[in-house]
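Let me begin by presenting the structure, written as structure tokens, before commenting on it.
What follows draws every value from the coordinates through simple rules; no lab data is involved. Keep in mind the model is a prediction, meaning the values are calculated, not measured. Note that we place each Cβ from the backbone using ideal geometry, even for glycine, and neighbour counts take in every protein chain shown.
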Amino acid sequence: MKMDSQPLDGGITLIRLDGRLDIEGAQTVDQPFTYATSTHPARIAVDLSDVSFVASIGIRTLLSGARGQASRGGKLVLFGAQPMVRRVLHTAGVDQLLVLCDDLDAARKALTD
């Protein structure tokens, strides 16, 4: 699992995840993801388009980041999930807790509303 982040216009931070968000992948990105999403209030769009699989431990990582932002007055949204990953997120009820967007434009809109 790889993770990178970059600032976007409008004060939005883009975090890209690439790989499998299974136990090994979640362990690889958990600390940098938590640091990027929980240390200061921000508007964060997480790109899942290159995530091929997500397990419960990966869902925990995503939800922890979102909770960290919410507790600091920020917001985190997910976008670009492949159909299988999106199905898992819906089945787990993540869409009831986080905003799931189709693309970056929709994520930007969700972060600025």
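Mean residue ellipticity, 222 nm, helices only, the chain: the sum of -39500 (n - 2.57) across DSSP H runs of n ≥ 4, divided by residue count and rounded to 500, is -14000 deg cm²/dmol.
Using C-alpha pairs under 8 Å with a sequence gap of at least 6, the mean separation divided by the residue count of the chain gives a relative contact order of 25 percent. Spacing of the modelled spin labels on HIS90 and LYS109, each 7 Å from Cα toward Cβ, amounts to 1.9 nm. For region 86-113 versus region 1-55, the inter-centroid distance based on Cα atoms is 14 Å.
Please identify the helices of the chain, taking whole runs of DSSP H, that span at least 15 Å along their own axis as judged from the Cα atoms and have a mean Kyte-Doolittle score of 0.0 or higher. All intermediate terms of the calculation are to be shown ahead of the outcome.
Details: long enough: 23-38 (21 Å, -0.32); 56-71 (22 Å, 0.21).
For the chain, where a helix must reach 15 Å along its axis and average at least 0.0, the hits are 56-71.
Under 5 Å from the amide H of ARG43 lie the amide H atoms of THR13, LYS75, each residue being 5 or more positions distant or on a separate chain, with H modelled from the backbone and absent for Pro and chain starts.
Out of [x] 35, 16, 11; [y] 19, 15, 13; [z] 25, 18, 12, which label holds the value of semi-axes √(5λ) of the Cα gyration tensor in Å that was computed here? Recomputing semi-axes √(5λ) of the Cα gyration tensor in Å here gives the entry labelled [y]. Here's how it looks for ASP22: its modeled amide H is under 5 Å from those of ALA55, which are all 5 or more places away or on a different chain.
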